[in-house]
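Notes to accompany the following structure.
The values are calculated or read from the model by the stated rules, or taken from the named source; none is laboratory data. Every value quoted in this text rests on a predicted model; they were computed, and no experiment measured them. With ideal geometry, Cβ positions are generated from the backbone for all residues, glycine too; neighbour counts draw on all protein chains shown. Accessible surface is based on the protein model in full, side chains and every heavy atom, while ligands, DNA and RNA are left aside. Shrake-Rupley method; radii C 1.70, N 1.55, O 1.52, S 1.80 Å.
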Amino acid sequence: MDDVATKMKDTARKPASLTEQAYQYVRSLILAQELQPGEVFTERALADQLNASRTPMRAAINRLVGEGLVERLSNGTIVIKQVAIEELMDILIIRRLLEGEAAAQAAQRHTVNSVDSILEKSRELARHPEMDFEPFWKYDDEFHEFVANASGRPILKQHVQNIRQRARMCHVVRMEKNFEQQALEHIAVLEAIASGDSVRARQAMERHVDGVKDRFVRWYFTS
């Protein structure tokens, strides 16, 4: 947690509102699992860690409450929300719709060689899928970030990012380790985007999200 606090304090030197700094700080703790689901904390404790006043921290917490990442209890304390399995299933339905559209838009807007870097990285992973979860999540984020950004639709990109962050809050992400299959699904999406085939790109992304759901269900009921 100290490393995250140091980074956020360094960020404070850049032009940004105190509320935004506080928001990014707490959000980073949640997504890095430095704050665990069900963990209770106070505005004062977090404000002290960031050397900030409670006013911007309160505004930041209210924003996180609105995003469904934390919950404010009746006694004033804050708790990190645990995403239920049923909610994760709903999230995957929404991801299928949003990311399918993002892939279709990306195919319509693609430029020559725009997918080369991430496509080669995906092919390399398919050839050598032996890795730990953390580097895979980093690559996985890069793939989905690429597609969302390539859609050319800022609002769509924002919704894709938000819904993926919400999925990470499930904290039951250690599903079956089948990185080769996931990389092959990514390749299918990227090749469709590179060809400019929006229909195939949408279908490939939908199949990928369906695969994510199937892998999770298998992991959940066999773990």
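Worth pointing out:
- With protein chains left intact and a 1.4 Å probe, residues in the chain average 52 Å² of accessible area per residue.
- In plain terms, the chain is cut at each of the trypsin sites (Lys or Arg not before Pro) found in a DSSP loop with at most 15 other Cβ atoms within 10 Å, and the longest leftover piece is 14-173.
- The lysine pair tally for the chain, using Cα distances under 27 Å and a gap of 8 or more places or different chains, is 20.
- When the GluC sites (Glu not before Pro) in segment 38-81 are filtered for DSSP coil states and for at most 16 other beta-carbon atoms within 10 Å of their beta-carbon, the remaining sites are 39, 67.
- Between the helical axis of 154-168 and the longest alpha-carbon principal axis of the chain there is an angle of about 70 degrees.
- With a simple spin-label model that places each label point 7 Å from the Cα along the Cα-to-Cβ direction, the separation between residue 145 and residue 67 comes to 1.5 nm.
- Percent carbon-and-sulfur accessible area, the chain, ignoring ligands, DNA and RNA, probe 1.4 Å: 51
- Label zone at residue 75, where the point sits 7 Å out along the Cα-to-Cβ direction: segment 18-51 residues whose backbone N lies under 18 Å: 38-46
- Options 150, 220, 61, ranked by Cα towards positive dipole end of the chain, top entry (Cβ charges): 61
- Lys/Arg +1, Asp/Glu -1 at C-beta; segment 65-223 dipole; positive extreme among 118, 74, 106: 74
- The chain, dipole about Cα centre (Lys/Arg Cβ +1, Asp/Glu Cβ -1), debye to the nearest 20: 620
- Descending Cα extents along the principal axes, segment 79-220, whole Å: 45, 35, 23
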